[in-house]
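Presented below is the structure to which this report refers.
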Amino acid sequence: MKSARVFFSFVVLLDTSFALIAFSKTKLYDESDFAVPAVTIHTGGNLIYVSVPAASAAITKNIMLHDFLHDEISLYDISKLAKGTEKGYYEVDSDIQQVKILNMNPGYLTAPIALWVVPASFAHTTAKVIDVSNLNITRDSVEMITVMGAEPYTLRSITEGPMRVYAIMAGQDSLDVDAYTCAHVIEQMDLTSSSDFHARVQSPLLTIYYADYLGSKTSIRADLGIENSLDFSGISFVTSPGFNGCKGQPNTFYSSLYDPTTSCTYSSPTRPYDVAISSVLYTDSAHPVTVTDNTNGEMYGWYGTTPGPNLTMHQTNSIGISWTRNDNNPLQSFLVRLIPSN
């Protein structure tokens, strides 16, 4: 069952932790950043990617980008730019040192949006940026993609042949930067094991690196909305809303489409699995991550700071994972990784 909630609001910040996210070379803005008359972005020749859910169209048509040289353009119109099957971007001239984003809505009304500022050199890398609303790749040699979106979705990746796969909830610039090391939500290094994965995503950026792409074909699809029931058909992960898992990055991405309560169940009605589970935690005892083996009647409440607990659940047909966001401390977050095996 998929669920997605849409609403617009005069954003009331739960905490200043919902704010600009500065990665090693890129910056990410969410709807809370634009609940003001104007935002100044220092650019110096960068590219600006924007992702707008369909329900945010009316609001984002009235949030305008001015670069003091060209005609103004709305964030909605930037979000519709495309380069073939890849996401397009607004390129700021190298001699323009800053742009302004002006909110023309009454009361500075905002809606779910993701705005990503990246170096111009990104246009010449092997990473493809694809909007989640357009992600549907069939049997292609995929090396690296960044999926971008401000709404929750369910992702499935199927690879034919051996493959090592890594994924982080940030851009390409954070994949291998020591000072900003980001937790891998997917890390499959065993060429003898399946690299297929199936997961719910509530974060604006997901960069996936398929290390052995030359010898394999991969199909990737995203379905908008969250599936609360998944299966053991591949490796998977569950995170708190807005998770990025990057060291040195305290802020959390905010979207009013994200549910503050995380709840999902993995199940297999036909056969049991051994499931290796690992975690990255920053939670307190009042907001534990609950991991339940529904087959064998075992339940674990995990909290504390990273690294979190690891365990293997043996011969289980069903695992549940749940968590409720701490609105008094939006910095709290978690990642749970699952690897099923025979």
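To keep it simple, each residue is scored yes or no on (1) basic (Lys, Arg); (2) part of a strand (DSSP E or B); (3) modelled with pLDDT under 95; (4) over 28 Å from Arg139 (Cβ atoms).
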residue	(1), (2), (3), (4)
Ser203	no, no, no, no
Leu206	no, yes, no, no
Leu214	no, no, yes, no
Thr218	no, yes, yes, no
Arg221	yes, yes, no, no
Ser236	no, yes, no, no
Pro250	no, no, yes, yes
Thr262	no, yes, yes, yes
Thr270	no, no, yes, no
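Within segment 62-106, work out how many residues are assigned to a loop (DSSP other than H, G, I, E, B) and over 24 Å from the mean Cα position of the chain (by Cα).
Pass one, segment 62-106, residues assigned to a loop (DSSP other than H, G, I, E, B): 62, 67-72, 80-81, 84-85, 88-89, 92-97, 104-105.
Now narrow it down to the ones that are over 24 Å from the mean Cα position of the chain (by Cα): 62, 67-72, 92-97, 104-105.
Final tally of qualifying residues: 15.
Which count do you get for residues in segment 260-277 that are surrounded by fewer than 18 Cβ atoms within 10 Å (Cβ to Cβ), touching a strand residue (DSSP E or B) at 6+ places or on another chain (Cβ under 8 Å) and not β-branched (Val, Ile, Thr)?
Let us first name the residues in segment 260-277 that are surrounded by fewer than 18 Cβ atoms within 10 Å (Cβ to Cβ), namely 260-261, 263, 265, 267-272, 274, 276.
With touching a strand residue (DSSP E or B) at 6+ places or on another chain (Cβ under 8 Å) added as a condition, the list becomes 260-261, 263, 265, 267-268, 272, 274, 276.
From what is left, the residues that are not β-branched (Val, Ile, Thr) are 260, 263, 267-268, 272, 274, 276.
Total satisfying the criteria: 7.
When you go through Thr154, Thr192, Thr218 one by one, which is the residue that is among the polar types (S, T, N, Q), out of contact with any Lys or Arg (no Cβ under 6 Å at 6 or more places or on another chain) and buried (at least 17 other Cβ atoms within 10 Å of the Cβ)? Working first, answer last.
Working: Thr154 fails: out of contact with any Lys or Arg (no Cβ under 6 Å at 6 or more places or on another chain); Thr192 fails: buried (at least 17 other Cβ atoms within 10 Å of the Cβ).
After ruling out the rest, the residue left standing is Thr218.
Out of (1) in a strand (DSSP E or B); (2) more than 26 Å from Asn244 (Cα to Cα), the odd one out for Ile319 is which?
Ile319 satisfies all of (1) in a strand (DSSP E or B); (2) more than 26 Å from Asn244 (Cα to Cα) except (2).
So, of the residues in segment 176-189 that are in contact with a Phe, Trp or Tyr (Cβ under 9 Å, 6 or more places away or on another chain) and either of a type in the set (Gly, Ala, Ser) or outside any loop (DSSP other than H, G, I, E, B) (or both), which turns out to be surrounded by the fewest Cβ atoms within 10 Å (Cβ to Cβ)? Give the steps one after another, and end with the answer.
So in segment 176-189, the residues in contact with a Phe, Trp or Tyr (Cβ under 9 Å, 6 or more places away or on another chain) come out as 177, 180, 182-189.
Restricting the remaining residues to those that are either of a type in the set (Gly, Ala, Ser) or outside any loop (DSSP other than H, G, I, E, B) (or both) gives 180, 182-183, 186-188.
Working: Tyr180: 19, Cys182: 25, Ala183: 22, Ile186: 21, Glu187: 16, Gln188: 21.
Checked segment 176-189; the qualifying residue surrounded by the fewest Cβ atoms within 10 Å (Cβ to Cβ) is Glu187.
The values are calculated or read from the model by the stated rules, or taken from the named source; none is laboratory data. Every value quoted in this text rests on a predicted model; they were computed, and no experiment measured them. Heads up, the Cβs are rebuilt from the backbone with ideal geometry, glycines too, and the neighbour counts pull from every protein chain shown.
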